[in-house]
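Structure, as structure tokens:
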Amino acid sequence: MLKGKFAALDELLSMRRPNSLMFLSAEGLSGHLDRGEARSDWLSSVQERLSSFDVEIFLMTREKNQWLRSYYQQTVRNPPNSEMGYATGETLQSFSCRPRIQALLDFETLSERCRLAFGANRVHVSSLETDWAEQLCALLGVPDMAPSLRNMPRQNQGLSIAATELLRQANSMGLDQNRDELIELLEKPTKSVASPISENVLEVIDGLTATTAEEGEL
């Protein structure tokens, strides 16, 4: 949708039946509210498509420090993307001061921004640390599904704090080629590698600065 492609959304909305409930889930719906004027077109297009619906938003939050560490790790780890700031060499402290990150951490304001952006009548705010599964399933009319939803196995395991810090340093040194190789080493440091480590990865490793866990958090 951010690139003006609405075919998938249009197809879903065309499947609407009278008096039925439709649930759309996408992390980016809250994450891309403040991407500048270039994003206003997609928001307007979404609003237009949802105008005939009674829209309610379910906003799930997370303990702020945990969310910040998780999102920072993704931003360090993701492939280079200048628009999104991925493959960053910023420290966590610097990253946390970005206006966009501060806005995403302001849950009360974020709730209202989401309501206005998507023309919602109501916003339900829950927390990953509490009864989010029960609240969501109750809203969807399937309360019995809450236990299985809550107990679903975790799909994506992030890098450790120390590994994230080492990759951050590699990003700041401009590592691009063989970056995936370094990430694999950081993901599974005790696993033997099937082939020799590339020279440019070895050069980057030689230039890394050892840090304590506390230093890595900064």
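Model label points for LEU21 and GLN47, set 7 angstrom from Cα along the Cα-to-Cβ axis, are 2.7 nm apart. Considering every alpha-carbon pair of the stretch 93-186, the percent of pairs per 10 Å bin, from zero through the bin containing the longest distance, is 12, 24, 29, 25, 10, 0.
For MET60, the residues whose amide H sits under 5 Å from its own are SER126, ignoring neighbours fewer than 5 places away on the same chain, with H placed 1.01 Å from N.
Take the stretch 67-134 with all the other protein chains still there, run a 1.4 Å probe, and you get 50 Å² of accessible area per residue. Computed from label points 7 Å out along Cα-Cβ, the spacing between MET173 and LYS64 is 3.5 nm. 3J(HN,Hα) along the stretch 57-70: 10, 10, 9, 9, 9, 9, 3, 4, 5, 5, 5, 4, 5, 5 Hz, from the Karplus curve 6.51 cos²θ - 1.76 cosθ + 1.60 with θ = phi - 60°, whole Hz, x for Gly and Pro. Cα centroids of the stretch 139-176 and the stretch 57-114: 13 Å apart. Modelled spin-label separation between GLN157 and GLU181, with each label point placed 7 Å from Cα along the Cα-to-Cβ direction: 2.4 nm.
The values are calculated or read from the model by the stated rules, or taken from the named source; none is laboratory data. Note that this is a predicted model, so its numbers are computed, not measured. Don't worry about glycine lacking a Cβ; one is built from the backbone with ideal geometry, like all the others, and counts go over all protein chains shown. Surface accessibility is based on the protein's heavy atoms, side chains included, excluding ligands, DNA and RNA. Shrake-Rupley method; radii C 1.70, N 1.55, O 1.52, S 1.80 Å.
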